[in-house]
Amino acid sequence: MLLNAVAPLSLLLVAPHTPQVSESCLSQYYYGTHGQQDVFITDDYVCVSDAAAHLSSGSAVQLTEDVQQLVWLQHQAVEPSIKPPAFQDEFNAFFSRLSVPAAASTDSEQTVFSNQNAAKVLLRTPTSALISVDSSTALTLDLHLPRFWKVSPLPPAPVPLVPVPSEAVQRVKDILHGLKFDPVVASIVSNISVPQLRADVRYLTGESPQSEIVSRHSFSKGVLIAADWLKANFEAHGASCKLKPFLTGFAPNVVCSYEGSENTTETVLISAHYDSRGSFGSVRAPGGDDDGSGTTALLGIARVISRKGLKFRKNVQLVAFAGEEQGLYGSRYYSRELYEKGANLTLMIQADMLGYHAPGEPPQLGLPDIIGTPEVAQLVANLSAIYSPELKVGFTPACCSDHQSFHQNGFPATQVFERAGPIADPMYHNSGDLSDRDGYDFDQIKSIAKVQFATLLHTAGFDLP
Ligand SMILES: *[C@@H]1O[C@H](CO)[C@@H](O)[C@H](O)[C@H]1NC(C)=O
Ligand SMILES: *[C@@H]1O[C@H](CO)[C@@H](O)[C@H](O)[C@H]1NC(C)=O
Ligand SMILES: *[C@@H]1O[C@H](CO)[C@@H](O)[C@H](O)[C@H]1NC(C)=O
Ligand SMILES: *[C@@H]1O[C@H](CO)[C@@H](O)[C@H](O)[C@H]1NC(C)=O
Ligand SMILES: [Zn+2]
């Protein structure tokens, strides 16, 4: 598939993400934010020169008509202690594998890409690259990437750049300003059970003898087992769930709802992604931390909702996304659907990686440094101080989970993460990402889940029987 409507002489512009861009003429040529960079494609040179005045830095590439699917590759922010290889050192080997035409390869191990047309590199920085590959290669790139790289495919056409409306931000500020400790909330959120979190995550990773799951990669058999199991468990705790397919070959999103008692369209959404990624060449992708931990936290919250007989005043959704590891696919589709329906999301919070902190470090809560709604992050930080004071709260440069899709569609959103700093989990994107290992801390998962749950309770309102 070629990019739709790439006119000859189109320019591709890349600039660090800034909220101001929504006011620029460039907003109509927006192709998403990738690796915290805004990407635009246009042949409107008048707009480009007008906009250049507002961009403090950036790069431009002339596109040719043979560009195929464009994919952003980004090296994650990782602690030096786990010795991540430099992006530049791994790039050449990766790209030469990518460029081997299938027929010319004799070694079956190396025949990993059936690239019809030559792959091309359009842009490189010390920690990222923009490449052009055919679309089937683009969908399966994550299987072959060096482990600290994330992949983010560009959409085939411009997408709307929707700022979060000021009324929506004001609603979050109103909740923040009225905030005070509520002993009922404290007793509800502390009911999350650590032994149950452990049992649930061990099912998802396949560590439990009762589980047949070997991988929860988006295209695996195990991820479909996980989807059915999640739906059944959320439903057993009073939610109404749907498996919502979004793209052929991918596991579906698991979307679970609780109808509010008030007559309102307002909806509060909390989420995680249940797909996972393993090591290159290994079929195992247990995803115990990434993101078995966030998925299990959601289920732990659902179990308490049912145990306490909670009824929410506003509508609530608990969503487990698929396709995150291929480039936020599940959340791109679902957030777009909600935007097109005019959904009224008060806020959304994605939990992605809650379980790990380096041995010797205190339990932590990381909030995204750039992508997301600062007011939602502030609300979460303040609720953390109130209900989980044991957590050391700070920002993380580890970037870009499913909250980004919602934020791009104008919904107030943030993420909760396991560290106030870069990724330190030595089993990140590795087939050894199990729950039974040093540094994997169920108490930290519970502490962060309490914060996500408290935000839900303070935002949606609730009644007890
Ligand atoms: C939120 O926390 C900040 C400090 O982190 C504090 O200054 C502010 O007063 C808090 N706001 C509320 C409403 O509690
Ligand atoms: C949760 O609440 C139930 C009853 O409401 C109680 O039996 C259980 O021990 C509580 N669990 C925790 C971890 O607080
Ligand atoms: C709910 O609110 C809508 C719009 O405000 C109104 O038209 C409708 O009658 C209300 N329904 C009930 C059951 O009160
Ligand atoms: C969302 O709900 C609030 C509260 O009911 C209402 O004031 C607001 O107009 C709604 N917004 C949209 C976009 O429906
Ligand atoms: Zn993740």
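For the reader, a short list of remarks on this structure follows.
- Qualifying residue in the range 309-326 (condition: modelled with pLDDT under 95, under 28 Å from GLY249 (Cβ atoms), open to solvent by 10 Å² or more (accessible area, probe 1.4 Å) and more than 16 Å from ligand 5 (Cβ to nearest atom)): no
- Here SER384 passes the criteria (1) touching a His at 6+ places or on another chain (Cβ under 7 Å); (2) among the hydroxyl-bearing types (Ser, Thr, Tyr); (3) closer than 18 Å to LEU457 by Cβ except the one numbered (1).
- All positions within the range 337-376 that are farther than 25 Å from THR296 by Cα, out of contact with any Pro (no Cβ under 8 Å at 6 or more places or on another chain) and within 16 Å of ligand 1 (Cβ to nearest atom): PRO374
- Checking SER152 against (1) small (Gly, Ala, Ser); (2) free of Cβ contacts under 8 Å to residues at least 24 places away in the same chain; (3) within 16 Å of ligand 5 (Cβ to nearest atom), the condition it does not meet: (2)
Every residue, every condition in (1) under 26 Å from SER187 (Cβ atoms); (2) touching a Gly at 6+ places or on another chain (Cβ under 8 Å), yes or no:
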position: GLU235; (1), (2): yes, no
position: LEU247; (1), (2): no, yes
position: ASN253; (1), (2): no, yes
position: SER261; (1), (2): yes, no
position: ALA272; (1), (2): yes, yes
position: SER282; (1), (2): no, no
position: ALA285; (1), (2): no, yes
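- Any hit, the range 202-213, residues being within 16 Å of ligand 5 (Cβ to nearest atom), open to solvent by less than 40 Å² (accessible area, probe 1.4 Å) and either assigned by TED's automatic domain parsing to the domain that holds VAL380 or at pLDDT below 95 (or both): yes
- Residue match in the range 163-184 (condition: more than 30 Å from SER128 (Cβ to Cβ), within 14 Å of ligand 2 (Cβ to nearest atom) and assigned by TED's automatic domain parsing to the domain that holds ASP275): yes
- Options ASP443, ASP425, ASP436; residue that is open to solvent by 20 Å² or more (accessible area, probe 1.4 Å), assigned to a loop (DSSP other than H, G, I, E, B) and of a type outside the set (A, V, I, L, M): ASP436
- Of all residues assigned to the range 150-172, at least one qualifies as being within 30 Å of ASP436 (Cβ to Cβ) and at pLDDT below 95.
- From LEU141, LEU98, LEU122, residue being at pLDDT 90 or above and crowded, with 17+ Cβ neighbours inside 10 Å: LEU122
- Residue match in the range 269-287 (condition: crowded, with 24+ Cβ neighbours inside 10 Å and more than 16 Å from ligand 5 (Cβ to nearest atom)): yes
- Subset of the range 173-221 (residues that are touching a strand residue (DSSP E or B) at 6+ places or on another chain (Cβ under 9 Å) and without any contact (Cβ under 8 Å) to a residue 12 or more places away in the chain): LYS221
- Pairs with Cβ under 6 Å, 6+ apart, first in the range 367-384 and under 26 Å from ALA15 (Cβ atoms), second within 16 Å of ligand 4 (Cβ to nearest atom) and part of a loop (DSSP other than H, G, I, E, B): THR373/VAL164; THR373/PRO412; VAL376/PRO412
- Set PRO80, PRO19: member being in contact (Cβ under 8 Å) with a residue 24 or more places away in the chain and open to solvent by 40 Å² or more (accessible area, probe 1.4 Å): PRO19
- Failed item in (1) open to solvent by 10 Å² or more (accessible area, probe 1.4 Å); (2) out of contact with any Phe, Trp or Tyr (no Cβ under 6 Å at 6 or more places or on another chain); (3) away from ligand 5 (no atom under 16 Å from the Cβ), with ASP369 passing the rest: (2)
- VAL185 falls short of the stated requirement of being open to solvent by less than 60 Å² (accessible area, probe 1.4 Å), modelled with pLDDT under 90 and more than 16 Å from ligand 5 (Cβ to nearest atom).
- The range 36-77, residues that are of a type in the set (Gly, Ala, Ser) and open to solvent by 20 Å² or more (accessible area, probe 1.4 Å): SER49, ALA52, ALA53, SER56, SER57, GLY58, SER59, ALA60, ALA77
- Identity of the residue in the range 148-174, in contact with a helix residue (DSSP H, G or I) (Cβ under 6 Å, 6 or more places away or on another chain) and either of a type in the set (Val, Ile, Thr) or closer than 30 Å to ILE82 by Cβ (or both), that ends up surrounded by the fewest Cβ atoms within 10 Å (Cβ to Cβ): VAL169
The values are calculated or read from the model by the stated rules, or taken from the named source; none is laboratory data. Since the model is a prediction, treat every value here as computed from it, not as a measurement. Positions of Cβ are backbone-derived with ideal geometry, glycine not excepted, and every protein chain shown enters the neighbour counts. Keep in mind that these areas ignore ligands, DNA and RNA; they rest on the heavy atoms of the full protein, side chains included. Shrake-Rupley method; radii C 1.70, N 1.55, O 1.52, S 1.80 Å.
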